[in-house]
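Q: Before we start, here is the structure in question, set down as C-alpha cells.
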Amino acid sequence: MKKIIVTIDGWSSCGKSTLAKQLAKKLGYVYIDSGAMYRAITLYFLRNHIDWSNENDVLNALNCIRLHFEYNPETQLAEIFLNNENVEYVIRDMVVAEKVSEVAAIPAVRTFAVQQQKYMGEKKGIVMDGRDIGTTVFPNAELKIFMTADMLIRVERRFLEMQIKNPNVTFKEVQSNLQMRDQTDSTREVSPLKMAEDAILLDNSKLTMEQQLDFALQLIQEKL
Ligand code: DC
C-alpha cells in the first residue's frame, strides 16, 4: 500500500500530538514528535550550563548531543533518548518549557534537528508534528494539516495536563508560557511557525477528539 508523509503543525497545546498519535496508530505509521528534539536539546543546554548566546558554545554542545527515538510497546510511543538516556518525561517540565522556544530559534539548533527529521522521513509512512514540518522539513509532504484552537481552550487543556504532574502549577503560569512560546515561535527568523500554503486548517476549539480524528482520516483517504 502507498505510504505518505503527514505533517501536523500549529500553535502550542492545540492537540497536535494527540491527533498525530491516533493517526499513526490507525495507519501503522511511525509518529515523531519533533518538539521533543528541541526540548531534549534545551535540557542538555540547561544541565550543562551552555551559554546559548555564544555560537561556538552552541556548536560544541551540539557535537556532544546524540538524539534517537525508541519505540516503547507499553506506551506505544517512540520515546526520545538524549545520549542514550530516556528523557521522554523530564523534557515536559516547566523548566524546559520556559526556555525551549529560545533554544529552538537558534539557527544551528534548527539545522541540527531538521537534518535528522528529514532523514526519518526518507521511507515515508510517518506522521510528524511540530511548527515547521510542512514548510521546512517536508515541503513535499502529501498531507499537511495546520492546527489551531482558541487560546483559553488551549490553556485549559495544557493546565489540566500539567496539573497531574505538578499540582502547584497555576493557570496563569501556563497561559503566559503558551503566549510567550506562540510569540517566539511565530516571529523567529529561521522557519517561523506559519501555515504552509498547501496545508489544511483544522480548528478544533469545538471538536471532540473523535470528530477531529474523523476529519483527518477523511483527508488521508483522499490522498491514498
Ligand atoms: O511541540 P512542543 O510544544 O513540544 O514544542 C516545544 C517547542 O519546540 C515549541 O515551543 C517550539 C519548538 N519547536 C519548533 O520550533 N519546531 C518544531 N518543529 C517543533 C517544536
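Q: Can you name the number of the only condition in (1) out of contact with any Cys (no Cβ under 8 Å at 6 or more places or on another chain); (2) closer than 21 Å to Leu219 by Cβ that Ser186 fails?
A: The one condition Ser186 does not meet is (2).
Q: Which residues, counting only those in the stretch 1-28, are crowded, with 20+ Cβ neighbours inside 10 Å and in contact with a Gly (Cβ under 6 Å, 6 or more places away or on another chain)?
A: Ile5, Thr7, Asp9, Lys16
Q: Six or more apart or on different chains, Cβ under 9 Å: which pairs go from a residue in the stretch 183-204 that's farther than 21 Å from Lys99 by Cα to one that's within 14 Å of the ligand (Cβ to nearest atom) and of a type in the set (Phe, Trp, Tyr)? Could you list them?
A: Met195/Phe146; Ala196/Phe146; Ala199/Phe146; Ile200/Phe146; Leu201/Phe146; Leu202/Phe146
Q: Quick one: Glu88 ticks every box in (1) away from the ligand (no atom under 11 Å from the Cβ); (2) outside any loop (DSSP other than H, G, I, E, B) bar one, so which box is it?
A: With respect to (1) away from the ligand (no atom under 11 Å from the Cβ); (2) outside any loop (DSSP other than H, G, I, E, B), Glu88 is out only on (2).
Q: While we're looking at this one, here's another question. Considering only residues that are under 16 Å from the mean Cα position of the chain (by Cα) and farther than 18 Å from Val103 by Cβ, look in the stretch 114-128 and name the one that is nearest to the ligand (Cβ to nearest atom).
A: Met128
Q: Checking the structure you have, find out if any residue of the stretch 166-175 is assigned to a loop (DSSP other than H, G, I, E, B), hydroxyl-bearing (Ser, Thr, Tyr) and surrounded by fewer than 17 Cβ atoms within 10 Å (Cβ to Cβ).
A: Taking every residue of the stretch 166-175 in turn, at least one turns out to be assigned to a loop (DSSP other than H, G, I, E, B), hydroxyl-bearing (Ser, Thr, Tyr) and surrounded by fewer than 17 Cβ atoms within 10 Å (Cβ to Cβ).
Q: Among the numbered criteria (1) away from the ligand (no atom under 16 Å from the Cβ); (2) in contact (Cβ under 8 Å) with a residue 40 or more places away in the chain; (3) out of contact with any Lys or Arg (no Cβ under 9 Å at 6 or more places or on another chain), which single criterion is violated by Asn60?
A: (2)
Here's the yes/no breakdown for (1) modelled with pLDDT under 95; (2) in a strand (DSSP E or B):
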| residue | (1), (2) |
| --- | --- |
| Val58 | no, no |
| His68 | no, yes |
| Glu74 | yes, no |
| Val100 | no, no |
| Val109 | no, no |
| Asp129 | no, yes |
| Thr135 | no, no |
| Met162 | yes, no |
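Q: Let me ask you something else. Examine the stretch 38-53 for a residue that is at pLDDT below 95 and within 10 Å of the ligand (Cβ to nearest atom), and state whether such a residue exists.
A: No, there is no match, as no residue in the stretch 38-53 is at pLDDT below 95 and within 10 Å of the ligand (Cβ to nearest atom).
Q: Let me ask another. For residues in the stretch 131-190 being among the aromatic types (Phe, Trp, Tyr) and within 13 Å of the ligand (Cβ to nearest atom), which is farthest from the chain's Cα centre (by Cα)?
A: Phe138
Q: Here's a follow-up. Can you confirm whether Lys118 is over 26 Å from Thr208 (Cα atoms) and not in a helix (DSSP H, G or I)?
A: Taking the combined requirement at face value, the residue does not satisfy it.
Q: How about the stretch 45-65: which of its residues are surrounded by 11 or more Cβ atoms within 10 Å (Cβ to Cβ), under 15 Å from Ala105 (Cα atoms) and not charged (D, E, K, R)?
A: Residues satisfying the conditions are Phe45, Trp52, Asn54, Val58, Leu59, Leu62.
Q: For residues in the stretch 12-37 being more than 15 Å from the ligand (Cβ to nearest atom) and part of a loop (DSSP other than H, G, I, E, B), which is farthest from Arg131 (Cα to Cα)?
A: Gly28
The values are calculated or read from the model by the stated rules, or taken from the named source; none is laboratory data. All values derive from a computational prediction rather than experimental measurement. When we count neighbours, we look across all protein chains shown, and the Cβ atoms used for this are built from the backbone with ideal geometry, even at glycine.
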